[in-house]
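Notes follow once the structure below has been shown.
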Amino acid sequence: MARIVRGALVQATWTGDKESMIQKHIEYTRKAAGEGAQVMCYQELFYGPYFCQVQDAQFYEYAEAMPNGPTVERFQKLAQELHMVLVVPMYEVEGTGVYYNTAAVIDADGSYLGKYRKTHLPHLHGFWEKFYFRPGNLGYPVFDTAIGKVGVYICYDRHFPEGARCLGLNGAEIVFNPSATSRGLSQHLWRIEQTSHAIANGYFVGTINRVGVEPLGDDDFYGQSYFCTPRGEFVGDVGDPFKEELLVRDLNFDLIKEVRDTWQFYRDRRPDMYEAIVKP
């Protein structure tokens, strides 16, 4: 019998305030659960606007402790109620003035499994992330969940194949990539990079992007969220480029072994020859 995991992504527009954004995602999570979803990921910094379009200290107020903050605890209860694995990308405060762009991973029984902190931070017009975050320092953890081994890579991370490979080496069967990326800059890369990571590492990828124009910027987010297989093939249709949308897809995890047995990238890799790529 095939090992089928039903996954969900939601690409959402900004509502205008934190609480209504959280409520929107709770409603979408319930809807996904009603369609049989077992695992779900939200977009980067899901309960706020993508405030990195400007540099303004007022947005530090969006940061919460993780795991002992109100939003993580709220989604732990939701995960337990719906028996779903949840990947919850948030703005994390570790201590006074110390902030990270982070995703919590919550298991289907509501237990907090850990977090991934965004490793690679852009700092250019419209993406002033070093104003808000420290670079991630937790490496590339993979979480053993009710649906399998889950890794996370956040937005700009996707431009760096090294971390994507580390997630594969650490055992990931699916990697979620929550993002906030705008139409003019990297749209032509969107369907290339994540599918390439899936192919190179023999795992599923679930990648999610915001939609719409937010009041802090004049460029719009282009949606087009998707799941792809370890062959780099889209599972069902790619998300709409303009509209809010919930995507629920069946993922055949048996493909992981099939693909890895066909393309022996892990067997044939040569780490003894790669010293140059880890030199500063």
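Just so it is clear, none of the values below were taken in a lab; they were calculated from the coordinates. Here the structure is a predicted model, which means the values were calculated and not measured. In this analysis, Cβ positions are derived from the backbone assuming ideal geometry, glycine residues included, and neighbour counts consider all displayed protein chains.
Taking neighbour counts of Cβ atoms within 10 Å as a proxy for exposure, in what order, fewest first, do Phe234, Phe143 appear? Kindly include the intermediate steps, with their values, before the conclusion.
Values: Phe234 13, Phe143 22.
Placing the least packed residue first, the sequence is Phe234, Phe143.
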Query raised in the report: What value, in deg cm²/dmol to 500, does the helix sum -39500 (n - 2.57) over DSSP H runs of n ≥ 4 give at 222 nm once divided by the residues of the chain?
Result: -8000 deg cm²/dmol
Query raised in the report: So if we plug the beta-carbon distance of Phe234 and Gln264 into 1/(1 + (r/R0)^6) with R0 = 25 Å, what FRET efficiency do we get, rounded to 0.05?
Result: 0.55
Requested in this report: Please give the residues of the stretch 221-236, grouped as numeric ranges, whose backbone N is less than 19 Å from a label point set 7 Å along the Cα-to-Cβ vector of Asp56.
Outcome: 221
**Report entry** DSSP-defined beta bridges in the chain - what % are antiparallel, rounded to 5
**Finding:** 70
Query raised in the report: Applying 1/(1 + (r/R0)^6) with R0 = 25 Å to the Cβ-Cβ distance of Glu27 and Asp109, what FRET efficiency is obtained, to the nearest 0.05?
Result: 0.70
**Report entry** GNM flexibility winner over the chain from Val93, Val142, Val205 (Cα, springs under 10 Å)
**Finding:** Val93
**Report entry** Simple spin-label estimate for Met273 and Leu216 in nanometres, 7 Å along Cα-Cβ
**Finding:** 4.4
**Report entry** Which listed pairs, of Lys77/Lys149; Lys18/Lys77; Lys257/Lys279, have C-alpha distances above 26 Å, in listed order
**Finding:** Lys257/Lys279
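Scan the chain and hand back the longest stretch that contains none of the GluC sites (Glu not before Pro) lying in DSSP loops with at most 15 other Cβ atoms within 10 Å. Working shown, then result.
Working: sites that count: Glu35, Glu233.
Longest gap between qualifying sites, sites excluded: 36-232.
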Query raised in the report: Given R₀ = 51 Å, FRET efficiency for Leu169-His125 by Cβ-Cβ distance, to 0.05?
Result: 0.90
Query raised in the report: What spacing in nm lies between the two simple spin-label points modelled at Ile192 and Asn252, each 7 Å away from Cα in the Cβ direction?
Result: 2.9
Query - Mean-position separation - Cα centroids, the stretch 137-172 and the stretch 12-70, in angstrom - result: 21
Query raised in the report: Under the classification rounded if a/c is under 1.5, otherwise prolate if a/b is larger than b/c and oblate if not, where does the chain fall, given a ≥ b ≥ c as square roots of the Cα gyration tensor eigenvalues?
Result: rounded
Query raised in the report: Comparing Gln58, Gln38, Gln264, which has the greatest mean-square fluctuation in the GNM of the chain with Cα pairs linked when under 10 Å apart?
Result: Gln58
Report summary line: The exposure ranking of Ile154, Ile26, Ile147, fewest beta-carbon neighbours within 10 Å first, is Ile26, Ile147, Ile154
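Ranking Lys149, Lys257 by Cβ neighbours within 10 Å, fewest first, what do you get? Present the calculation step by step, with values, prior to reporting the outcome.
Values: Lys149 18, Lys257 13.
Placing the least packed residue first, the sequence is Lys257, Lys149.
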Report summary line: Ranked by GNM mean-square fluctuation in the chain (Cα springs under 10 Å), the top entry among Gly168, Gly95, Gly232 is Gly95
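Restricting to Cα atoms and excluding each atom paired with itself, what does the Kirkwood estimate give for the stretch 154-272 in Å?
On the way: mean 1/r = 0.0670 Å⁻¹.
Evaluated over the stretch 154-272, this radius sits at 14.9 Å.
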